[in-house]
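Remarks on the structure that follows.
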Amino acid sequence: MTSAYDKIYLEKAQIVLGRMTDYAVYDLEYAIDEIFDLFIKTGYAKRFENGDYQVLVGMSGVELARHIVEEATGQTEFCKPKYTMNRSEEYWLGWALAYYQWKSNFSFEYILDKVCASDILKLYMPYHEMDIREFCDKMSEIIKSPPAGACFEE
């Protein structure tokens, strides 16, 4: 499958989506499914997956989260981001999801219709310790098995 953007941009794209997710959840206090719903509804997901370089590498994850929230809600005042030394589970989710979307060439809307972001987060243990290709294999397996809109149970 041909990806919408070159692999040279992938690492930065993963960092942007990881940081967007972390900031939205921990600093802006959005639920994980809610922020990804806004990501899709505002069109930023489509721009990201289509390789819009302004979204992929032209802004930080914090800026992306702020653009999404501002466009969706009109909010223009935002708290200062808290940077930690450790990567959160939510950061991993955004980072891994960006890779999976790039590799599979599925849209974020399609992926998240098949498996909720909150359920992808349940894969953190043990997949954050594994090669990213293991996560991709698991995501493809999940996407092929449940009906659209289904979220899996632990």
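Coordinate-derived values only; no laboratory data. As the structure is a computational prediction, the values presented were derived from the model and not from experiment. Note that we place each Cβ from the backbone using ideal geometry, even for glycine, and neighbour counts take in every protein chain shown.
Only residues that are touching a residue at least 60 places away in the same chain (Cβ under 8 Å) and over 19 Å from Tyr110 (Cβ atoms): list them for region 25-43, please. Correct list: Val25, Tyr26, Ala31.
The residue that is nearest to Asp113 (Cα to Cα), counting only those in region 28-62 that are crowded, with 17+ Cβ neighbours inside 10 Å and acidic (Asp, Glu), is Asp37. Where helices (runs of 4 or more DSSP H) fall entirely within region 1-101, those with at least 2 residues that are in contact with a Lys or Arg (Cβ under 7 Å, 6 or more places away or on another chain) are at 53-56, 61-73. Within region 50-108, the residues that satisfy the criterion of being more than 16 Å from Tyr5 (Cα to Cα) and of a type in the set (Gly, Ala, Ser) are Ser60, Gly61, Ala65, Ala72, Gly74, Ser88, Gly94, Ala96.
Might you let me know whether region 44-62 holds any residue that is touching a residue at least 12 places away in the same chain (Cβ under 8 Å), over 17 Å from the mean Cα position of the chain (by Cα) and farther than 30 Å from Glu129 by Cβ? No - not one qualifying residue is present in region 44-62.
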